[in-house]
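Below is one structure, written out as structure tokens; the observations come after it.
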Amino acid sequence: MSTETKPPAPPFTYDDAVKKVRMAEDAWNSRNPDKVKMAYTKDTVWRNRSQFLNGRDEVAAFLADKWKTENGYRLIKEIWAHGDDRIAVRFCYEHHNEAGDWFRAYGNENWQFDEHGLMKFRHASINDVAIEEEERKFHWDSSGPRPSDHPDLTELGL
């Protein structure tokens, strides 16, 4: 029997936690629900805004629905704090709807991991703000991850 792992695994150093945050950002920016769900335990528990999800299949379905309506999705995550098996993250993402209206979402996530580096719990609080297209700050090609030389949230004043 093989054990699923997603290094780095706890206990996290600061550098491990920063790496874990960037790995999550890159995975979410792929907008591939089947790829993203593999970072979570099979029985992962989520609270996302007012939705409660249980297990990878619910996570994948949620993400597939999310990315059907959030066009031009681009996300930046930034570490806020970490402990041995927990990481707190702040993030922003920008997207537009079918009508072309742009939004920026501001949020915080609390993550807890199992001993193999898979996320057991994700609690996310998120607020959306309508923005004008000229107010956008995330302009990289949305078919890939944020370029390494693109400013982070702090550098963007977010």
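The values are calculated or read from the model by the stated rules, or taken from the named source; none is laboratory data. Remember, predicted model here, so these are calculated numbers, not experimental data. FYI the Cβ positions are ideal-geometry reconstructions off the backbone, even for glycines, and counts take in every protein chain you see. Surface areas here come from the heavy atoms of the whole protein model, side chains and all, with no ligands, DNA or RNA. Shrake-Rupley method; radii C 1.70, N 1.55, O 1.52, S 1.80 Å.
At-a-glance table
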| quantity | calculated |
| --- | --- |
| Qualifying residues in the stretch 118-145 (those that are under 21 Å from A81 (Cβ atoms) and among the small types (G, A, S)) - the one least open to solvent (accessible area, probe 1.4 Å) | A124 |
| Within the stretch 67-87, tally of residues that are open to solvent by 40 Å² or more (accessible area, probe 1.4 Å) and farther than 23 Å from E132 by Cβ | 7 |
| Search result, residues across the stretch 1-53 that are part of a helix (DSSP H, G or I), touching a residue at least 40 places away in the same chain (Cβ under 8 Å), under 14 Å from M119 (Cα atoms) and small (G, A, S) | A17, A24, A39 |
| When residues of the stretch 40-54 are limited to those that are surrounded by fewer than 16 Cβ atoms within 10 Å (Cβ to Cβ) and in contact with a Phe, Trp or Tyr (Cβ under 9 Å, 6 or more places away or on another chain), the one nearest to A88 (Cα to Cα) | R47 |
| Residue in the stretch 54-69 that is in a strand (DSSP E or B) and under 26 Å from H139 (Cβ atoms) present | no |
| Test: residue in the stretch 128-137 that is in a strand (DSSP E or B) and not β-branched (V, I, T) | yes |
| Qualifying residue in the stretch 57-76 (condition: basic (K, R) and in contact with an Asp or Glu (Cβ under 6 Å, 6 or more places away or on another chain)) | yes |
| Flag for W102 being over 19 Å from A124 (Cβ atoms), among the aromatic types (F, W, Y) and in contact with a Lys or Arg (Cβ under 8 Å, 6 or more places away or on another chain) | yes |
| Every residue from the stretch 1-39 that is among the β-branched types (V, I, T) and open to solvent by 40 Å² or more (accessible area, probe 1.4 Å) | T3, T5, T13, V18 |
| Candidate set from the stretch 88-117 (those that are assigned to a strand (DSSP E or B) and over 26 Å from S142 (Cα atoms)); member that is most open to solvent (accessible area, probe 1.4 Å) | Q112 |
| Selection count, the stretch 23-50, where residues are at positive phi and within 13 Å of the chain's Cα centre (by Cα) | 1 |
